[in-house]
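Following: one structure in structure tokens, then a few remarks.
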Amino acid sequence: MSLKQKTVSGLLWSFIDNTALVGISFIVGIILARLLSPKEYGLLGMLTIFISISQSFIDSGFSQALLRKQNCTPADYSTVFYFNIIVSVSFYLILFTCAKSIGIFFHEPILKNLIRVLGLGLIINSFTLIQSTQLTKRIDFKLQAKISFISSISSGIISIYMAYTGWGVWSLVVSALVRYSISSFSLWFWSKWKPIWHFSINSLKELFSFGSKLLVSGLIDIIFRNAFAVVIGKYYTAMELGYYTRADQFQSLPSSNLQTIIGRVSLPVLLTIQNDTPRLKQAYQKIIRSTMFISFILMLGMAAIARPMVLTLIGEKWEPCIIYLQMLCFIGMLYPLQAINLDMLQVQGRSDLFLRLEIIKKILAVPIFVIGIFWGVKVMILGMLLLNLIGLYLNSYWSGRFIKYSFFDQFKDILPSFILAVIINLIVFSETFFIPAKPLLLLIIQLITGAVLTVGLGEMFCFKDYIYIKEIVKENFFKKLNNGR
């Protein structure tokens, strides 16, 4: 199979994997949002930073280091496997010990038991990092798609039942543990890899020399992203945090998952051509243009339909989260481009520069946290948008230097997509004021309008990025359908 065929096949199965996961999570989330209150989502949001930091230490950048190393040995994989388990148990014990203090900090005693149970997921996940890394390294997402579907369906059914029968926030905790457990069991059942009884200090040092910088930069990013939730949870209320968390979950569905679909395929593909600069630049340019076309359409579209979407899907009790969602969409639309540029630093082996950029950006974030404490959540989100623009410039400037694809070159490439998305979604947003319809009917009208305008204008002006994506879909997706008949 050629590199192009592997890339397209990987994108297809990555898309199926994430679409199944996101689709199921979205439906389950809508049902749970109607059964649970904003406060219960806020309680779980308070724990996210502690779980995320622990998970980052467990991985320690080893998955990226294994992806980048061309010829990994059984000793490399087994060493990382045992390291992950040891660190996961250690961090669970730390969380278990600190659980009471966490509850006191947020003035929510229930957090003590919640984090002690939810933290078990760290140990469960540590058993499957190697299997997932190997599948990604081979650009094989078919098995991961099957596992995601099974685990998401199972955990979703259990969480809905528990929420319906009055378990409250525990339905969210148990759902996460069930999903981790089924995913872990399935990967062990279907994966051919098994560890050997060997732990190599040399392998650990070699992989950690690259992964350690990614670990520190990842920690900084996690602390930064979750610090907003900590500020809201500490200085406001669990309900206010619930509104923010729900809005962030909505906007991350397209933005984060788009990057996951593209990034998990593009990184191993770009690594295979890292020594061929002209080819690398051409592939990188196509990834950025096609990804940002989709991102602009989806994220500005979500901002345009935010009101009828929220009122239709989760009800009027969540209305305060609408303005948060609209503001966060403008941040989310830039996330894929930032992440792709950081991937290029990994391709070039510059984890040191990756780390330095993260430190600079997060130092700039400190004033935003202070502003959030004194001026409120909306002003804090505006500060986040400004910080993301600065971060985008820094990431693209440094990554672009390696392949002579500057920030301004990237800006010129994605500007037409941005303008098209703005025109389409201004029309869609205007329907909110001119069509006197109930939220559900208005939502349907806006979705149809957005789809028709995207396809219509793309075809009318032979829009390059639209045509490129359409050809990939036609040549591969429909071909697979025809072959299946």
P(r) tail fraction, the stretch 19-108 - alpha-carbon pairs more than 14 Å apart, % | 76 percent
Quantify, in whole percent, the carbon and sulfur part of the accessible surface of the chain (1.4 Å probe; protein heavy atoms only).
-> 69 percent
Kirkwood-Stokes translational diffusion coefficient of the stretch 317-395, alpha-carbon pairs, 37 °C, 0.692 mPa s, µm²/s = 238 µm²/s
In the neighbourhood of Tyr164 defined by beta carbon distances under 14 Å, the net charge of the other residues (Lys, Arg +1; Asp, Glu -1) is 0
What fraction of the Cα pairs in the stretch 330-440, stated in percent, has a spacing above 22 angstrom?
-> 49 percent
Local electrostatic count, Gly400, Cβ distance below 10 Å [Lys/Arg +1, Asp/Glu -1] | +2
Length-normalised contact order of the chain, Cα under 8 Å, at least 6 apart, in percent, tallies to 20 percent
Do the sum for the chain: with -39,500 (n - 2.57) for every DSSP H run of n ≥ 4, divided by all residues, what is the mean residue ellipticity at 222 nm, to the nearest 500 deg cm²/dmol?
-> -29000 deg cm²/dmol
Can you quote the Å³ per residue value for the convex hull of the Cα atoms in the stretch 112-249, rounded to an integer?
-> 164 Å³
Summing +1 for each Lys or Arg and -1 for each Asp or Glu, what net charge is found among the other residues whose Cβ lies under 15 Å from the Cβ of Ala421?
-> 0
Mean Kyte-Doolittle of at least 0.5 plus a Cα span of 27 Å or more along the axis: flag which DSSP H helices in the chain meet both, please.
-> 3-35, 38-59, 74-106, 142-164, 170-190, 201-235, 277-304, 351-375, 377-403, 407-434, 439-460
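The values are calculated or read from the model by the stated rules, or taken from the named source; none is laboratory data. For clarity, every value in this text was computed on a predicted model and none was experimentally measured. Every residue, glycine among them, receives a Cβ derived from its backbone with ideal geometry; neighbour counts consider all protein chains shown. Heads up: the accessible areas ignore ligands, DNA and RNA and are worked out on the full protein's heavy atoms, side chains in. Shrake-Rupley method; radii C 1.70, N 1.55, O 1.52, S 1.80 Å.
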